[in-house]
Structures are given as structure tokens and as C-alpha cells.
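Please read the structure below before turning to the comments.
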Amino acid sequence: MKLARSLFVLVLFILTLSSCKNKETKQDAKDDSKKMVFYYNEKDGISSIDPAEANSLPHIWVCNQLFNGLVQLDDSLNVLPCIAKSWDILENGTKYVFYLRNDVYFHDDPCFPQGKGRKVTAYDFEFSFNRLFITPNSTAASLLTYVDKTEKTNYRPFQAIDDSTFVIYLKQPYSVFLNILTMKYFSVIPYEAIDYYKRYFRTHAVGTGPFMLKQWEEGNRMILVKNPHYFEKDEEGNSLPYLDAISISFIRDKETAFIEFLNGKLDMISGADAINVNEVLDKSGMLNKTYASKCYLQKGHYLKIDYIGLLVDKKINKNSPLHKKQFRQALNYAIDRERLVKYFRNGVGMPAIAGFIPKGFKSFDTNVVKGYRYDPEKVKLLLKEAGYPDGKGLSEITLHITEDYKDQASFLQSQWQEFNIPIRVSVEQPSLVRQATFMAQYEMFKKSWIVDYIDEENFFSLFYSKNFVPTGFNYTHFEDVEFDLLYEKALRTMDEKEKIKIYQEMDKIIIDEAPVIPLYYDEVVRLVNPKVSGFHLNPMNLLNLKTVKKKLD
């Protein structure tokens with residue numbers, strides 16, 4: 001009898017507990033339905049959220065939600081205050097003095113006493129900037145070539161004068177320096193987080209941004225939540241951000257991700273390569289009427305170029321035909337870029353028939369810098385001059401790409417095949433392509449370059465001889481004395497008109513020497529959930545979610 005009574009009590013307890021849990025689950029679901037959560041997918045994955053390593057768009061997008069720097073860009077790409085409320089540029093452009101806000105706090109995190117984030121000071125910027133010299137996977141140091149780390153500054157180019165005054169010293173005037181400081185590399189981080197998480201900081205990043213990291217299951221999902229202590233406000237004095245959370249998935253298959261978007265489980269699909277443009281867009285590049293009720297299209301200018309990189313380092317690939325300029329030029333003339341854009345991108349973008357610098361920059365001028373157009377006769381002539389008449393004697397070259405560019409690569413392969421140029425296509429994982437090109441292991445590879453800061457120098461840095469990968473971004477190992485001299489001259493030139501002329505001369509050299517095959521200048525293309533508002537485009541395709549709102553069901 002006692003046993004029966006005990007079992008009855010146990011069953012009653014379990015039923016009561018289950019009932020409470022069901023009520024809690026239903027309440028949680030009800031509470032979640034009242035929250036504004038923005039969902040997007042990152043098919044290429046994210047390997048780190050350390051801003052010192054922010055050298056890819058997926059990484060930059062996340063870091064833009066988690067971190068802040070001294071300055072920032074608006075949607076028109078103007079440099080605006082951020083943690084620095086104002087600044088002075090002194091001593092002929094060699095001394096930058098930043099005056100900081102006093103209401104900026106790091107995210108609450110276990111690395112701080114009682115888990116409470118403390119106020120940001122100039123000493124945090126001194127620590128963060130110095131760390132860029134020693135972070136193993138960071139390429140930011142290549143952007144700090146002109147900081148004055150000499151006896152003149154007591155080997156301290158970055159100095160906190162007091163809690164609210166931060167000074168940077170340069171060896172010489174550097175015309176693009178303020179723009180460079182808008183990059184996520186130059187975000188502020190607390191030394192406590194580095195001491196606490198050490199090498200695992202890449203997965204436990206602590207910043208000052210509008211959102212904080214709550215959860216990251218690598219390869220599955222990342223959750224960012226609203227920072228309740230964020231310092232920026234809208235024009236009416238309301239605290240930012242509006243969203244309660246951001247949820248990032250990592251679905252690799254673009255068709256699966258697109259179905260998730262159509263089913264309302266994602267709020268944005270970004271990039272012409274992430275959607276089936278032939279189905280979603282009509283021949284004029286606008287949204288197909290079939291999808292008009294499910295989403296709206298955002299489309300605008302993009303400071304980005306897609307190209308084929310050619311490794312021209314004789315020390316690495318000694319016997320490659322790519323060392324011959326005539327052969328590289330022949331590869332360029334063999335491509336019909338108009339057909340590539342029209343049929344494989346449904347008109348998204350512009351054929352790269354000028355220089356390496358994309359449309360949108362002041363130096364872009366098709367009358368001054370003339371690129372490559374499809375010209376079969378020139379291909380045949382150049383192959384003959386290179387010592388490969390009708391393609392005879394050419395060994396096979398492998399073009400390394402990711403799955404997104406498979407159709408485009410097949411088209412390029414067929415174009416080269418018309419002239420008996422044997423190109424094999426190898427489809428690989430994005431992480432492998434990134435790593436191999438960064439170590440100069442591929443002699444031919446598909447690449448794109450997105451503007452990091454608003455100056456043509458950003459693109460030309462890919463060809464400066466002191467920027468060879470892995471210390472910089474010169475993936476092709478291109479080296480030219482005249483180009484280097486012009487590059488260095490441009491950095492010292494403060495007169496805009498003179499600098500434009502220098503940039504055009506540099507662009508002509510790149511086109512003539514042909515260490516790359518420019519394909520097209522891209523456009524920003526986004527499909528967005530109709531419930532989303534306050535979501536703006538910019539020519540850098542920088543994801544800014546602090547002003548986004550989402551209508552709740």
C-alpha cells in the first residue's frame with residue numbers, strides 16, 4: 001500500500017513537472033514571437049569573429065555588428081565619428097589626434113569582474129592597435145607600413161595621452177589613412193578578453209557594437225543579441241539597435257537556402273551568386289513578377305571586381321607559360337565579357353572592359369584606361385608571339401574555383417578551348433581556395449576584390465611588390481618597378497586631380513602586364529523579406545543592421 005501511494009505521488013510529480021515545462025515552453029515561444037529577430041544565411045561559413053582577422057566579407061559582416069572603431073562610414077561612404085567624437089590632423093598629415101566619447105562600454109562578459117563591461121578608454125585603442133602587429137592570422141600590419149614606429153616616437157606609434165585622447169603618428173603623409181581606420185581591423189577590444197580567452201578569443205569576441213555574441217555552434221548557427229548599453233541613438237533620440245537579435249545559419253547549398261528564404265525562415269539572400277538569377281530576375285535584371293509578393297529586390301552599385309588571378313612568380317612555377325606577357329594577354333582577349341554578364345549573370349554587373357579599378361571610383365574612365373574586349377585575331381597573334389602558335393606546346397593549366405562559379409568557369413574554359421588553350425577546372429571548398437591562394441599555391445584562380453576603404457589604392461595594393469601573400473594581398477606576386485614608384489607617389493599625393501592621373505597610369509600598367517583577367521564589375525543584389533524595413537544598401541555591401549526593423553506577425 002505504501003509502495004502504491006509512493007508511485008502515485010511520483011507520477012503526480014512528473015505530470016505536474018511536465019505540465020510546468022509545457023507551459024514554460026509555450027510561454028517562451030510566445031515571448032520569442034514578440035521579438036524582432038533578423039535571420040540571414042552565410043553559405044561560406046565563418047571561421048573567426050576576431051576583428052584583427054576580418055579579411056573576408058562574411059567575417060566583416062559579423063564584426064560590424066559586434067565591434068566599433070574610432071570612425072565609421074555612412075551609406076554614402078562618408079567618414080563619420082564613431083567612438084571618436086572628433087579628430088585633428090596635424091603636422092602636415094603625420095599626426096592624428098582623436099578625442100573619444102565617454103559613454104562607450106564593452107559588452108558584459110565573464111572576462112570582467114562581476115561580468116560587467118567597463119568603459120572604453122584611449123588605452124584600449126593603444127592595446128588593440130599594437131595587437132595588430134602580433135596577431136598571427138591578421139594582415140592588418142600591411143596597412144600600418146607608414147605608422148612611425150621609430151626612435152622619434154619612442155617606438156610607440158599609438159599613444160594614449162589620457163583616457164579620452166588617442167594619438168597616431170605617421171612617418172609621412174598618408175592620404176588614405178583616415179579611410180583605412182574605418183576597417184573592422186581597427187576595432188577596439190579589451191585586454192581582459194585576450195587574457196581570459198587567449199587563443200579562443202576568435203570564438204568569444206568581446207566588443208562595443210550594437211549586438212553581442214550569445215551562441216555560436218560552428219557550422220550550424222550563430223546568435224547575436226541586442227546590446228542594451230549601446231551608445232548610438234537615432235535622429236529622434238531612440239536607442240539603437242531596434243532588433244532584439246540576429247540569427248545566422250550556415251547552409252552551404254544555395255537552393256536549400258533560397259527555399260528557406262521563400263518559406264520566411266530567412267530575411268535576406270545576398271549576392272547574384274547566391275540566387276538563381278535566371279529564375280529570380282528577368283532579362284532586364286529586375287525581380288521576376290512570380291516573386292514580387294514574397295520579397296523585394298535591392299540592387300545598386302558595388303565597388304567590387306571579379307577576376308582570374310595568374311601567379312607570375314618565376315621562383316614558384318618556373319616553366320609556366322603564364323610568365324610570358326603575350327600569353328597572359330591572349331587569355332584576356334579570348335574572353336567575351338559581354339556574353340559572360342548577359343547569359344551567366346542575367347545582366348547583373350558590368351563587363352570589365354576598362355581597367356582593374358571598377359566603375360564608381362573617380363579614376364574610372366574608359367576613354368583613358370582601355371581594357372580587353374573579345375578579339376580572336378589578337379589571341380592568335382599573341383599566342384604565336386609567345387611561342388605557342390595555335391596553342392601548340394601549351395601544357396595544361398588548372399583554374400581553381402568554388403562551386404558558385406562552376407557555370408562561369410565552364411564558359412571561360414570553352415572560350416579558351418576555341419584557341420587550343422588547355423585549361424582544366426578544379427571545383428573546391430571556399431576555405432581551401434582562400435588558404436591556397438593566400439599561400440601562393442595556385443597558378444590560376446578565381447578571385448574577387450571588394451573595396452575595404454574608399455580609395456583606389458585599396459585595389460592597387462594587390463599588385464605592390466611589398467605586399468606579397470601571406471604578409472599582404474598580392475596573390476599574383478606581381479612585381480614592377482615603375483608600378484611600385486607610382487604607388488608610393490600616390491600615397492604621398494594629397495592633390496586629388498594629380499592622384500587620379502597617377503592611378504590611371506597604374507591601371508594601364510596592370511592591363512598591359514596582365515597579371516589578372518578582369519571579368520566584371522559587380523552590383524549589390526539582395527532579396528529581402530517584405531516585413532523588413534530600414535535596411536539600406538551601400539557600394540561596399542557592408543551589412544549594417546543597427547537601424548533595421550522587422551514587422552511582427
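The values are calculated or read from the model by the stated rules, or taken from the named source; none is laboratory data. The shown structure was predicted, so the numbers you read here are calculated from the model rather than taken from an experiment. So basically every Cβ, Gly included, is an ideal-geometry build from the backbone, and we count neighbours across all protein chains shown.
A few comments on the model shown:
Okay, residues lined up against (1) touching a Ser or Thr at 6+ places or on another chain (Cβ under 6 Å); (2) over 23 Å from residue 61 (Cβ atoms):
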residue: 158; (1), (2): no, yes
residue: 164; (1), (2): no, yes
residue: 172; (1), (2): no, yes
residue: 188; (1), (2): yes, no
residue: 200; (1), (2): no, no
residue: 212; (1), (2): no, no
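- Candidate set: region 336-369, residues that are among the charged types (D, E, K, R) and in contact with a helix residue (DSSP H, G or I) (Cβ under 6 Å, 6 or more places away or on another chain); chosen: the one surrounded by the most Cβ atoms within 10 Å (Cβ to Cβ): 345
- Residue in region 469-479 that is free of Cβ contacts under 8 Å to residues at least 40 places away in the same chain, under 27 Å from residue 363 (Cβ atoms) and not charged (D, E, K, R) present: yes
- When the test is whether a residue is crowded, with 19+ Cβ neighbours inside 10 Å, assigned to a helix (DSSP H, G or I), over 25 Å from the mean Cα position of the chain (by Cα) and at pLDDT below 95, residue 499 passes it.
- Subset of region 506-553 that is touching a helix residue (DSSP H, G or I) at 6+ places or on another chain (Cβ under 8 Å), of a type in the set (A, V, I, L, M, F, W, C) and part of a strand (DSSP E or B) - its residue that is nearest to residue 465 (Cα to Cα): 516
- Of all residues in region 502-550 being within 28 Å of residue 72 (Cα to Cα) and without any contact (Cβ under 8 Å) to a residue 24 or more places away in the chain, the one that is surrounded by the most Cβ atoms within 10 Å (Cβ to Cβ): 502
- For region 457-473, taking the residues that are over 18 Å from residue 56 (Cα atoms) and at pLDDT 95 or above, the one that is farthest from the chain's Cα centre (by Cα) is identified as 465.
For (1) in a loop (DSSP other than H, G, I, E, B); (2) among the charged types (D, E, K, R); (3) without any contact (Cβ under 8 Å) to a residue 24 or more places away in the chain; (4) not assigned by TED's automatic domain parsing to the domain that holds residue 65, each residue gets a yes or a no:
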site	(1), (2), (3), (4)
236	yes, yes, yes, no
241	yes, no, no, no
261	no, no, no, yes
273	no, yes, no, yes
283	yes, yes, no, yes
294	yes, yes, no, yes
308	no, no, no, yes
317	yes, no, no, yes
322	no, no, no, yes
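- Elements of the type helices (runs of 4 or more DSSP H) sitting completely within region 368-441 and holding at least 2 residues that are within 25 Å of residue 277 (Cα to Cα) and not β-branched (Val, Ile, Thr): these cover 406-417, 430-438.
- Of all residues in region 148-166, those satisfying the criterion of being touching a residue at least 40 places away in the same chain (Cβ under 8 Å) and crowded, with 16+ Cβ neighbours inside 10 Å are 148, 164, 166.
- Residue 368 at pLDDT 95 or above, over 26 Å from the mean Cα position of the chain (by Cα) and over 25 Å from residue 410 (Cβ atoms): yes
- Selected residue (criterion: nearest to the chain's Cα centre (by Cα)) from residues of region 324-354 that are of a type outside the set (Val, Ile, Thr), at pLDDT 95 or above and assigned to a loop (DSSP other than H, G, I, E, B): 352
- Just one of the listed residues (100, 144, 132) is buried (at least 17 other Cβ atoms within 10 Å of the Cβ) and free of Cβ contacts under 8 Å to residues at least 40 places away in the same chain, and it is 144.
A quick yes/no check of all residues on (1) farther than 30 Å from residue 420 by Cβ; (2) buried (at least 22 other Cβ atoms within 10 Å of the Cβ):
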position	(1), (2)
254	yes, no
260	yes, no
301	yes, no
316	no, no
319	no, no
331	no, yes
334	no, yes
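- Count - residues of region 448-493 that are of a type in the set (D, E, K, R) and not in a loop (DSSP other than H, G, I, E, B): 7
- Counted residues, region 234-260 - those being touching a strand residue (DSSP E or B) at 6+ places or on another chain (Cβ under 9 Å), of a type outside the set (Ser, Thr, Tyr) and more than 11 Å from residue 38 (Cα to Cα): 8
- Within region 184-198, being in contact (Cβ under 8 Å) with a residue 12 or more places away in the chain and of a type in the set (Lys, Arg) holds for one residue alone: 184.
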